[in-house]
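The values are calculated or read from the model by the stated rules, or taken from the named source; none is laboratory data. As the structure is a prediction and not an experimental result, all values here were calculated from the model. Cβ placement follows ideal geometry from the backbone for every residue including glycine, while neighbour counts extend to all protein chains displayed. Keep in mind that these areas ignore ligands, DNA and RNA; they rest on the heavy atoms of the full protein, side chains included. Shrake-Rupley method; radii C 1.70, N 1.55, O 1.52, S 1.80 Å.
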Amino acid sequence: MKRKTQMRRIWAVGGIALLGLAVILPVAAQQKEQVIVQGDITSDRTWTPEKEYVLSGAVFVRAGATLRILPGTVIKGLERSFLVIDRGAKLIAEGTPSAPIIFTSAQPPGQRSPRDWGGVWINGRAPINAPGGEERGEAGLTGIYGGNDPNDDSGVIRYVRIEFAGFPIAPDRELNNFTLAGVGAATVVDHVHVNRGADDGIELFGGTVNVKYILVTGPGDDGFDWQTGWTGKAQFVVVQQDGEVDPSADRGIEADNNENDNNLLPRSNPVLYNFTLIGDPRLETGGGSGIVLRRGTAGTLRNFIVIGFKRPGLDIQGSISQTLAQNGGLVISHSIFFGNNPDFAPGATSTLAANFTRIAVIDPKLRDPFNLDDPDFRPADGSPALDRTRVAAPPEDGFFEPVNFLGGVNPQNDWTKAKWIEIARD
């Protein structure tokens, strides 16, 4: 039986609101009206900052419907809740630098933690390399994605913060904080901060979507992850790992083509410029590699800074990805690796490193990259990351911006210090 969206209004009584649920809903000090959202959204909706929206369970925006979220709106997730945008639906979440849209935990500040809710999942009709061209999401519970429209449009996600999300949805199947599955190139994704969630910060399952100005702080697993044929672009991405979130072998980037058949087409082959990947060098916590490229992924990675990972800064795994690196299908250049253990993995990767150009093992002299509360990812004065002879010019294609520095942050204009970003620990 088809579910209908249920949107019930409640007002706070003595600072606590109850609605026939076995939970207590925290209410902001300004006593905003709360709206509980459950089930399916089948027609256009607009969420406004005068109200506070609370997700209960799986909430789906169904094909043909548009969910528009206005700047400054706060959406909170109860335990086991998550938001899915179906193929053919749209999410228009366009915040502003002074009024971002915030997806967060329904727990009060000071009691929030990873896995409090499930995050945001967007399905599109762009190509993926699963057999048949389509795939069901995690455990079949997040809808179908994939298709044959590389310019598919799932909406706008801009000046958005997603925090304290991600949880296991089935054995070995977890919801990420922010998932783009078969999302097309007409979708706009920029200025997104993913903070302190379980599993991956952002994961791309195929598709052609491009992303820009992405900050991931304290992910429980990998910061930036792709597979099943992603062929989009990315620029200005910063990942800062925090081993206390999950003391495992988390990575700055984990990249696959297809784990079941490493040669399926379209092959994962993104073009990436200006990333800063920061490991957690503290001895008492976990940590993995800076970049792991494996299972047949291709790609172009330039203008990277990768520092402080307990495992290799760059690790190319498997014969197919290693062959791509040897024949030019997988390119890493104009980058700095420093303080990783080692900076290149032993064996095949160390021999491949000679084929890469403009890679230096040298201190990039970032200002305060390991500070978990108030980091400063900018290169300091005199940093080799500011040496223009080390920098690759991005393509002039309308997406990439010209740069004269390595890494994800312009030292003259630090977008990670803007008002819309907030690094909260709980």
Tell me the label-point distance for the pair residue 261, residue 399, using the 7 Å Cα-to-Cβ offset, in nm and rounded to one decimal.
2.6 nm
Of 240, 74, 127, which is farthest on the positive side of the dipole of the chain, counting Cα position, with +1 on Lys and Arg Cβ, -1 on Asp and Glu Cβ, and the Cα centre as origin?
74
Which FRET efficiency value, to the nearest 0.05, do you get for residue 134 and residue 96 by plugging their Cβ-Cβ distance into 1/(1 + (r/R0)^6) with R0 = 35 Å?
0.45
Using 0.36 nm times the number of residues separating residue 419 and residue 173, minus their current alpha carbon distance, what extension gain do you get?
85.2 nm
When ligands, DNA and RNA are left out and all protein chains stay put, how many square angstrom of accessible area per residue does the chain have with a 1.4 Å probe?
37 Å²
Please give the solvent-accessible surface of residue 365 in Å², to the nearest 10, using a probe radius of 1.4 Å with every protein chain present.
100 Å²
Which value at 222 nm does the chain reach when only helices count, each DSSP H run of 4 or more adding -39,500 (n - 2.57), with the total divided by all residues and rounded to the nearest 500 deg cm²/dmol?
-1000 deg cm²/dmol
Please compute the modelled spin-label separation between residue 363 and residue 333, points set 7 Å along Cα→Cβ, answer in nm with one decimal.
2.9 nm
Take every DSSP beta bridge whose two residues both sit in the chain, then give the antiparallel share in percent to the nearest 5.
15 percent
Testing the spin-label approximation: label points 7 Å from Cα along Cα→Cβ at residue 111 and residue 381. State their distance in nm.
4.9 nm
How much length would be gained if the chain were fully extended between residue 35 and residue 426, taking 0.36 nm per residue of separation minus their Cα-Cα distance, in nm to one decimal?
138.4 nm
Extension gain (nm, one decimal) between residue 244 and residue 144, 0.36 nm per residue minus Cα-Cα
32.6 nm
Leaving out ligands, DNA and RNA, what percent of the accessible area of the chain is carbon and sulfur, probe 1.4 Å?
48 percent
Violations at 31 Å Cα threshold for listed pairs 310/417; 32/212; 51/90; 233/417; 90/417 -> 32/212
Give, rounded to the nearest 20 debye, the magnitude of the charge dipole that the chain has about its Cα centre when Lys and Arg contribute +1 at Cβ and Asp and Glu contribute -1 at Cβ.
860 debye
